[in-house]
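Visitor: The structure is given below, and queries will be raised subsequently.
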Amino acid sequence: MKIGIFDSGLGGLIVTRAIRKAMPLYDYVYLGDTKRVPYGNRSYETVFEFTRQAVDYLFKKENCEIIILACNTASARALRRIQQEYLLKNFPKRKVLGVLIPTAEECAKYKKVGVIGTAGTVASNTFVDEIKKLNKKVAVFQEPTPMLVPLVEEGEKVLAKPFLLKYLKSFLNKKFDAVALGCTHYPIFKSEIRKILGKKIKVLSQDEIIPKELKEYFARHPEIEKKLSKNKSAKILVTDMTKNVMKLTQKWFGKNSKPELIKL
Ligand code: DGL
């Protein structure tokens, strides 16, 4: 059985590549909802419904044992309902995990933490709630950074710099210990963000957090790990195919990547 990875679009390929590098033996299937991206400004109901459709596809058509919601917006707005309603009723033995809680666990190790994410993720307050559940003493400050995803998707990394400076301003000179990058696309800006924030503020990036957490999860759950097939394969599925989808897939997952079009 495979490991499924779902994202609203293609940004999740960045964390997928890091997971695959850390655990190359398994079979991966990535599903990017390129037809309906972005999810960042959508309602709870819509994010839940879109995520449910994707998870259903990955379980039924791709025989996934476990699915990672690489999308922070889906992790913030849909994961709990997926686990409590959908999974319980349809696939009680299989697993759906998000990227938000492992990131919150990293944040909970510090005293004063900043989080950046889409408008939807920030408005859900899920990062703050999850960090506080783990450690009440952490002071958490959030900043929505809505312009970053469209700029990355358009390949405009350089144009993003003034936005990064504007968004990160609130974390400068206020004795923050760490800033978490709470969105699939932000690892792209990791070194730029590190430069802006300086050496004293730790940048918590999901392409570093998630592979480590998943490895530990499999070590704690051998009953799941032993069901996973190990043929080193990776398949990329998308819900809309354009030149830009091809270009970004190859840029973020390797130049031989060939996304396949599916219908949810
Ligand atoms: N994947 C989304 C996230 O991590 C970013 C893109 C979107 O808004 O859909 O929050």
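The values are calculated or read from the model by the stated rules, or taken from the named source; none is laboratory data. For clarity, every value in this text was computed on a predicted model and none was experimentally measured. Cβ placement follows ideal geometry from the backbone for every residue including glycine, while neighbour counts extend to all protein chains displayed. Side chains included, ligands, DNA and RNA excluded: accessible areas come from the protein's heavy atoms. Shrake-Rupley method; radii C 1.70, N 1.55, O 1.52, S 1.80 Å.
The rows are residues; the columns are (1) open to solvent by 20 Å² or more (accessible area, probe 1.4 Å); (2) closer than 20 Å to LEU261 by Cα.
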position	(1), (2)
LEU13	no, yes
ARG36	yes, yes
GLY40	no, no
ILE67	no, yes
ALA74	no, no
CYS107	no, no
VAL113	no, no
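Visitor: Can you name the condition, by its number, that GLU216 falls short on among (1) in contact (Cβ under 8 Å) with a residue 12 or more places away in the chain; (2) open to solvent by 50 Å² or more (accessible area, probe 1.4 Å)?
Guide: (1)
Visitor: Moving on. Only one of these is more than 28 Å from ARG94 (Cα to Cα) and not hydrophobic (A, V, I, L, M, F, W, C): LYS235, LYS255, LYS263, LYS212. Name it. Break it down into steps so the answer makes sense when it comes.
Guide: Values: LYS235 fails: more than 28 Å from ARG94 (Cα to Cα); LYS263 fails: more than 28 Å from ARG94 (Cα to Cα); LYS212 fails: more than 28 Å from ARG94 (Cα to Cα).
Of LYS235, LYS255, LYS263, LYS212, the one residue that is more than 28 Å from ARG94 (Cα to Cα) and not hydrophobic (A, V, I, L, M, F, W, C) is LYS255.
Visitor: Could we say that ILE68 is assigned to a helix (DSSP H, G or I) and within 16 Å of the ligand (Cβ to nearest atom) here? I'd like the intermediate steps shown before the answer.
Guide: Working: assigned to a helix (DSSP H, G or I): no; within 16 Å of the ligand (Cβ to nearest atom): yes.
For ILE68, the condition - assigned to a helix (DSSP H, G or I) and within 16 Å of the ligand (Cβ to nearest atom) - is not met.
Visitor: Here is a follow-up. Which members of segment 101-138 meet the condition of being of a type in the set (Gly, Ala, Ser) and part of a helix (DSSP H, G or I)? First the steps, then the outcome.
Guide: To start, the set of residues in segment 101-138 that are of a type in the set (Gly, Ala, Ser) comprises 104, 108, 114, 117, 119-120, 123-124.
Within segment 101-138, ALA104, ALA119, GLY120, ALA123, SER124 meet the criteria.
Visitor: For the structure I just gave you, tell me whether ARG42 is in contact (Cβ under 8 Å) with a residue 40 or more places away in the chain, in a loop (DSSP other than H, G, I, E, B), under 29 Å from LYS132 (Cα atoms) and within 16 Å of the ligand (Cβ to nearest atom). Steps first, please.
Guide: Numbers: in contact (Cβ under 8 Å) with a residue 40 or more places away in the chain: yes; in a loop (DSSP other than H, G, I, E, B): yes; under 29 Å from LYS132 (Cα atoms): yes; within 16 Å of the ligand (Cβ to nearest atom): yes.
Here the answer is yes, as ARG42 does meet what is asked.
Visitor: Could you count how many residues in segment 53-65 are within 16 Å of the ligand (Cβ to nearest atom) and of a type outside the set (A, V, I, L, M)?
Guide: Going through segment 53-65 one residue at a time, the tally reaches 1.
Visitor: For segment 15-33, how many residues meet the condition of being open to solvent by 10 Å² or more (accessible area, probe 1.4 Å) and more than 10 Å from the ligand (Cβ to nearest atom)?
Guide: Initial filter on segment 15-33 (open to solvent by 10 Å² or more (accessible area, probe 1.4 Å)): 15, 17-18, 20-26.
From what's left, more than 10 Å from the ligand (Cβ to nearest atom): 17-18, 20-26.
Result for segment 15-33: 9.
Visitor: Need the failing condition index for LEU204 against (1) open to solvent by 40 Å² or more (accessible area, probe 1.4 Å); (2) under 18 Å from the mean Cα position of the chain (by Cα); (3) within 16 Å of the ligand (Cβ to nearest atom), just the number.
Guide: So LEU204 meets the others, but not (1).
Visitor: In segment 84-100, which residue that is outside any loop (DSSP other than H, G, I, E, B) and within 17 Å of the chain's Cα centre (by Cα) is farthest from PHE218 (Cα to Cα)? Before the answer, list the steps.
Guide: Initial filter on segment 84-100 (outside any loop (DSSP other than H, G, I, E, B)): 84-90, 95-98, 100.
Filter once more, so that each one left must be within 17 Å of the chain's Cα centre (by Cα): 95-98, 100.
Details: LYS95: 12, VAL96: 13, LEU97: 12, GLY98: 15, LEU100: 18 Å.
Ranking the qualifying residues of segment 84-100, first place goes to LEU100.
Visitor: Still on this model: Quick one: in segment 76-100, of everything that is of a type in the set (Val, Ile, Thr) and surrounded by 24 or more Cβ atoms within 10 Å (Cβ to Cβ), which residue is farthest from the ligand (Cβ to nearest atom)?
Guide: So the first thing to find is which residues in segment 76-100 are of a type in the set (Val, Ile, Thr), and the list is 82, 96, 99.
Then keep just the ones that are surrounded by 24 or more Cβ atoms within 10 Å (Cβ to Cβ); that gives 96, 99.
Details: VAL96: 16, VAL99: 8 Å.
Step by step, filter segment 76-100, then rank; the result is VAL96.
Visitor: Sort out which residues of segment 157-191 are within 25 Å of ILE5 (Cβ to Cβ), more than 12 Å from the ligand (Cβ to nearest atom) and either open to solvent by 50 Å² or more (accessible area, probe 1.4 Å) or of a type in the set (Phe, Trp, Tyr) (or both), and write them in order of number.
Guide: If the condition is that a residue be within 25 Å of ILE5 (Cβ to Cβ), more than 12 Å from the ligand (Cβ to nearest atom) and either open to solvent by 50 Å² or more (accessible area, probe 1.4 Å) or of a type in the set (Phe, Trp, Tyr) (or both), then LYS157, PHE189, SER191 are the ones that fit.
Visitor: Quick one: count up the residues across segment 238-255 that are under 20 Å from ALA22 (Cα atoms), over 18 Å from the mean Cα position of the chain (by Cα) and charged (D, E, K, R).
Guide: Initially, segment 238-255 is screened for residues under 20 Å from ALA22 (Cα atoms), giving 249-255.
Within this subset, residues satisfying the condition of being over 18 Å from the mean Cα position of the chain (by Cα) are 250, 254-255.
From the residues that got through so far, the ones that are charged (D, E, K, R) too are 255.
So the count comes out to 1.
Visitor: Only one of these is more than 23 Å from THR103 (Cβ to Cβ) and more than 20 Å from the chain's Cα centre (by Cα): LYS199, LYS230, LYS235. Name it. Even if it seems obvious, please write down each step before you answer.
Guide: Details: LYS199 fails: more than 23 Å from THR103 (Cβ to Cβ); LYS235 fails: more than 20 Å from the chain's Cα centre (by Cα).
Every option except LYS230 fails the conditions.
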